Amino acid sequence: MTDRWFPKARPRAVAGGLQARSKRGAIARTWWSGRFVGVLEEMGMGGRLERGRNYARRGQVISLEVTAGSATARVQGSSATPYRVRIGITAFDKRDWSKVERTLAENAWYAAKLLAGEMPEDIEAVFADLGLPLFPTGARDLSMDCSCPDFQVPCKHLAAAFYLLAEAFDEDPFTILTWRGRTRDELLANLRTARAGTSPVGPALPTTPAAFYALQADLPSATAPASDPASLLDQLPATTFTLRGHTLPDLLRPAYQALDDLAYDH
């Protein structure tokens, strides 16, 4: 079914709508929003894809709210009443998020990036290793509803909401985690708690200079080497060098022995 079955009515103008920041070209600016838009573009929407992008750029989306498992929007079309749009996804349950948070907390790099408000570029792999896809892999992973009369899904109103949702991911990458069931504040609080419980506690440092420089334990006494150091000279490769009839090992042996005696006399 294509758009030719529906007359192309002009949408009603909206004052103060949510306009896409991108005015031309690709809307996604970051890897996480790009992954999401890629799913939309793989759905084969035909003209709805372009019209939905135009809706997003003209500010036809009046509102957008992201909660666990649901992104809801109001989109103004040609009708007097804005259409109600919902894009649903499965939110991970408490057990799933517990596994994710434990894995992230055990990795100092992931924990540091997230606690600094940054999204690690390979965080998707963490979810994948746990059998939890962070992004939808296609239309089958999403539930899509719009109150418009177009029975083709997704319609241009859904497409407009998709594009604004992608920009929401650009603005705050933690939005994708919210959509999957964990807000930024909840995630960071749980990471801090987990890190506090798993971080190793080292020995207390001395509080005074005297204690710091004091001998902490008896030093081991020196023991004789397993072999005579002078015997190492016998392992030297053969040379033609001689001095007054003595070979190089013979000349060096008294010095090796004297150093060995001196070390153990002290």
By residue number, the members of the stretch 43-56 that are modelled with pLDDT of 75 or more and surrounded by fewer than 18 Cβ atoms within 10 Å (Cβ to Cβ) are Glu50, Asn54
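Conditions tested, residue by residue: (1) loosely packed, with under 14 Cβ neighbours inside 10 Å; (2) under 12 Å from Val85 (Cβ atoms); (3) at pLDDT 90 or above.
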residue: Leu114; (1), (2), (3): no, no, yes
residue: Glu121; (1), (2), (3): yes, no, no
residue: Val126; (1), (2), (3): no, no, yes
residue: Gly131; (1), (2), (3): yes, no, yes
residue: Ser147; (1), (2), (3): no, yes, yes
residue: His157; (1), (2), (3): no, yes, yes
residue: Leu165; (1), (2), (3): no, yes, yes
Of all residues making up the stretch 78-101, the number that are within 24 Å of Leu188 (Cα to Cα), of a type outside the set (Gly, Ala, Ser) and exposed (fewer than 15 other Cβ atoms within 10 Å of the Cβ): 3
Listed residues Gly17, Gly38; which is surrounded by fewer than 16 Cβ atoms within 10 Å (Cβ to Cβ) and at pLDDT 65 or above? Gly38
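The values are calculated or read from the model by the stated rules, or taken from the named source; none is laboratory data. Since we're looking at a predicted model, the values are computed, not measured. As a convention, Cβ positions derive from the backbone with ideal geometry for all residues, glycine included, and neighbour counts pool all protein chains shown.
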